[in-house]
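The values are calculated or read from the model by the stated rules, or taken from the named source; none is laboratory data. Small disclaimer: the values here were computed from a predicted structure and weren't measured. When we count neighbours, we look across all protein chains shown, and the Cβ atoms used for this are built from the backbone with ideal geometry, even at glycine. When the accessible area is computed, the model is the full protein with side chains, heavy atoms only, and any ligands, DNA or RNA have been set aside. Shrake-Rupley method; radii C 1.70, N 1.55, O 1.52, S 1.80 Å.
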Amino acid sequence: MSNPTKTSSRDVQDMIESEQISIIQRISRVQALQIVIVLLTIVVIFSVMAPDAFLTVFNLRAILMNTSILVVLGIGVTFVIITAGIDLSIGSVLVFSSVISAMVMGNLGATGWVTALIGLGVALLSGAAWGFLNGFLVAKAQVPALIVTLGTMGAALGLARVITGGIDLYEIPEVMVDVIGFGNLFGEVPNLVVLAAFACLIGGIVLHLTRFGLTTYAVGSNPEACRRVGVKMDRHLIAVYMISGTTAGLAGWMSIAYFQQTSIGGQSLTPLLVIAGVVIGGTSLFGGIGSIFGSVIGLLIPVVLQSGFIIIGVESYWQDVVIGVFLIAAVYVDSRRRQKAARGSGRKPKRFQIGGVQGKSSKKEGIK
Amino acid sequence: MALLEARGMVRTYGSVVALDGADFDIEAGQVTALIGDNGAGKSTMVKILSGTEQFEEGEVTLEGQRVVFNNPAAARSHGIETVFQDLALCPHLDPVENLYLNREIKRSGVLGLLGFMDRKAMRDRSVEVFTDLGATVRKLNEPVGTMSGGQKQSVAVARSAAWASKIIFFDEPTAALGVVQTANVLDLIRRVRDKGIGVVLISHSMPEVLEVADTIQVLRRGRRVATINSADSTVEELVGVMTGKLDEEVA
Ligand SMILES: Nc1ncnc2c1ncn2[C@@H]1O[C@H](COP(=O)(O)OP(=O)(O)O)[C@@H](O)[C@H]1O
Ligand SMILES: [Mg+2]
């Protein structure tokens with residue numbers, strides 16, 4: 001063996017050293033750090049401008065509550081976008097699930113926990129079913145995700161309208177409204193927020209610590225490589241879209257607890273808001289990169305902006321403008337990063353391909 | 001008896017006959033080079049023997065047993081791995097994650113059943129594999145997409161070496177690499193061979209082939225036309241056999 005021990009032990013040393021900064025690297029790797037700084041900057045600015053209105057427990061609670069439902073939607077969307085997919089149907093699936101759930105709970109007539117939990121189960125199942133349909137069409141029928149979910153976005157909302165005749169349902173179990181919608185943990189933390197945080201925790205654990213999560217990144221990073229090592233791509237994609245549907249179902253159930261009614265007409269912009277937040281949070285539309293933590297931060301930004309603008313008396317429509325700028329900036333940063341990565345390894349092709357000009361020249365040298 | 005013997009392999013693509021009754025042999029602990037002009041059928045042979053393509057006629061035996069690989073997983077379960085020309089790495093995953101993609105080590109107990117990975121075990125084992133091969137992979141936690149071509153190649157080779165117990169196919173592994181990186185890959189190939197694995201190398205570089213291969217098998221228009229001992233061959237001879245100019249002189 002020609003490998004000097006000196007070299008190999010240094011290699012090992014390097015490997016071990018590099019592992020020790022792994023946590024920090026992992027965070028910066030998902031680019032969430034920059035976005036945390038952006039969020040903190042916004043918070044500081046508003047706090048300075050309106051010290052006794054913005055940074056109050058009351059206002060922070062309101063911000064968190066307004067973010068909760070979006071964040072739950074964002075969990076599933078993060079998974080989907082990491083696979084280089086997209087899910088436009090989440091708002092409609094939220095509506096559909098909340099309508100079915102409210103109808104079942106209404107028919108059960110009871111107002112207790114049993115009814116509420118059955119309603120939860122129904123909402124989750126209905127969301128999962130839509131997710132399955134999306135995933136099946138994307139993976140098996142090979143229809144682009146944009147089109148599939150645009151289709152189910154229309155279909156789910158249409159069906160919800162057909163079922164209800166377009167009239168919102170108001171018969172929601174009291175416990176749900178009292179405890180989920182407006183209850184607090186330790187008297188201060190809204191249960192809605194606790195529920196969303198819990199869902200994020202589960203989502204984050206699955207994404208970052210399990211084989212399923214790793215496969216999700218891999219599928220978005222290089223589907224061909226996954227196929228070659230035998231990843232069951234279709235099954236995985238279907239599962240990922242089912243996660244998105246299920247979180248939309250959960251969000252539907254949370255929304256009827258919070259609004260004390262279904263919101264058939266109120267969700268048309270939701271998917272765009274959520275996708276924007278997830279992308280601002282550092283999840284790459286090209287796949288392979290993203291984190292639940294980043295998505296939470298990215299989804300907090302619009303809500304914080306809106307709250308701050310209202311408090312300092314700027315028309316809150318400015319929020320949309322600022323978010324638009326952030327969104328484009330986030331995608332710009334992402335695509336710059338991708339270009340840099342490609343250049344960094346000495347090649348120019350669009351997606352980290354191996355081969356090209358250099359290969360040909362070395363081949364010729366060989367034959368000479 | 002060779003480790004793997006392929007006899008009378010036929011594979012057509014429409015009217016194109018990619019393999020026209022080709023034979024091929026792989027010996028354990030040897031580097032077998034597979035050479036031939038463009039379109040001779042080299043890649044097709046490798047794809048068939050690694051399970052990514054199917055043959056129409058012929059017979060493959062592995063250690064004397066008849067085998068048919070319906071998919072790459074079947075070949076892999078027999079200890080056969082391939083280093084693809086495009087490397088087939090996930091650019092956003094780190095070397096450890098790439099090494100273990102779809103074969104992750106699970107935690108023990110309930111956590112394992114829930115799909116939790118044992119990242120520490122995976123990393124420790126990867127360090128072992130890379131050190132063992134003398135591979136130049138320095139950062140185990142950086143996405144391979146940010147690494148140099150040579151490092152990516154090392155990761156791809158190490159992945160195959162980590163999982164192969166019998167055979168590794170290399171389809172033009174050095175085509176995209178510079179001089180130093182090429183030397184590194186040839187080094188890796190030797191180390192893999194020294195572990196007793198049968199290595200198959202497709203390459204267009206005759207000096208490279210002569211340098212690293214033990215035997216050289218030549219394909220021409222879908223048939224094996226020569227098996228050459230590399231120790232007593234020259235670039236001129238190889239080129240001659242490949243193009244058919246030396247037909248008469250080779251058995
Ligand atoms: N998927 C395919 N479809 C059609 N023709 C193919 C395909 N793969 C290989 N061929 C043809 O089969 C022949 C052998 O190809 P290949 O095995 O790639 O040759 P080599 O690797 O020796 O250059 C060529 O004529 C090629 O065009
Ligand atoms: Mg080829």
Note to self: C-alpha centroids of the stretch A:68-83 and the stretch B:201-233 sit apart, in Å, by 53 Å
Amide H to amide H, which residues 5 or more places from B:V200 or on other chains are under 5 Å from it, using H placed in the peptide plane?
B:T32, B:I168, B:F169, B:F170
If I model a spin label at B:V179 and B:E27 as a point 7 Å from the Cα along the Cα→Cβ vector, what separation in nanometres do I get?
3.2 nm
Pairwise burial B:A, computed as accessible area of each alone minus the pair, summed, 1.4 Å, Å²:
4700 Å²
Got a sec to turn the phi values of the stretch A:217-234 into Karplus ³J(HN,Hα) couplings, 6.51 cos²θ - 1.76 cosθ + 1.60 with θ = phi - 60°, whole Hz, x for Gly and Pro?
4, 4, 4, x, 7, 7, x, 5, 4, 5, 4, 5, 8, x, 5, 7, 4, 4
Quick query: amide H of B:L219 versus all other amide H atoms, modeled in the peptide plane; which residues come in under 5 Å with a sequence gap of 5 or more or a different chain?
B:I35, B:G36, B:V225
Phi to ³J(HN,Hα) by Karplus 6.51 cos²θ - 1.76 cosθ + 1.60 over the stretch B:124-134, Hz, x for Gly, Pro
4, 5, 5, 4, 4, 4, 5, 5, 3, 8, x
Between the residues B:L219, B:V127, B:I105, the Cα farthest towards the positive end of the dipole of chain B, that dipole coming from +1 and -1 charges on the beta-carbon of Lys, Arg, Asp and Glu, is from B:I105
Per the C-alpha gyration tensor (a ≥ b ≥ c, the square roots of its eigenvalues), the stretch A:122-249 is rounded if a/c is under 1.5, else prolate if a/b beats b/c, else oblate; here it's oblate
With θ set to phi - 60° and the Karplus curve 6.51 cos²θ - 1.76 cosθ + 1.60, what are the ³J(HN,Hα) couplings of the stretch A:297-304 in order, to the nearest whole Hz, using x for Gly and Pro?
4, x, 7, 5, 4, x, 5, 5
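Quick one: grab the alpha carbon gyration tensor of the stretch B:149-213, order the square roots of its eigenvalues as a ≥ b ≥ c, and give me rounded if a/c is under 1.5, else prolate or oblate depending on whether a/b is larger than b/c. Walk me through the numbers before you get to the answer.
On the way: a/c = 1.83, a/b = 1.26, b/c = 1.46.
Oblate, since a/c reaches 1.5 and b/c is not below a/b.
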Kindly flag which residue pairs out of B:K106/B:K166; A:K140/B:K47; A:K140/B:K120; B:K42/B:K120; B:K152/B:K195 have an alpha-carbon separation exceeding 28 Å in this structure.
A:K140/B:K120; B:K42/B:K120
With +1 at each Lys and Arg Cβ and -1 at each Asp and Glu Cβ, the charge dipole magnitude of the protein assembly as shown around its Cα centre, to the nearest 20 debye, comes out at 540 debye
How crowded by other chains is B:94-104, given as the mean number of beta carbons from other chains within 10 Å of each beta carbon?
5
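Which of the peptides A:190-197, B:64-71, A:139-146, A:277-284 is most tightly packed, and how do the rest follow, judged by the mean count of other Cβ atoms within 10 Å per residue? Intermediate results must be reported in sequence, preceding the final value.
On the way: A:190-197: 20.2, B:64-71: 12.0, A:139-146: 14.1, A:277-284: 27.9.
Going by the mean number of other Cβ atoms within 10 Å, highest first, we get A:277-284, A:190-197, A:139-146, B:64-71.
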Sequence-distant or interchain residues sharing an amide H contact under 5 Å with A:F54, placed H: which?
none
Testing the spin-label approximation: label points 7 Å from Cα along Cα→Cβ at A:W318 and A:L40. State their distance in nm.
2.4 nm
When the charge dipole of the stretch A:24-338 is computed with +1 at the Cβ of Lys and Arg and -1 at the Cβ of Asp and Glu, the Cα pointing farthest to the positive end, of A:A50, A:Q306, A:P271, is that of A:P271
Given the whole protein assembly as supplied and a 1.4 Å probe, what does the accessible area of B:T82 come to in Å², nearest 10?
20 Å²
Once the whole set of protein chains is in place, how much accessible area is left on A:Y258, using a 1.4 Å probe, in Å² to the nearest 10?
50 Å²
Taking a ≥ b ≥ c as the square roots of the eigenvalues of the Cα gyration tensor, with a/c under 1.5 meaning rounded and otherwise prolate when a/b exceeds b/c and oblate if not, the stretch A:24-338 is oblate
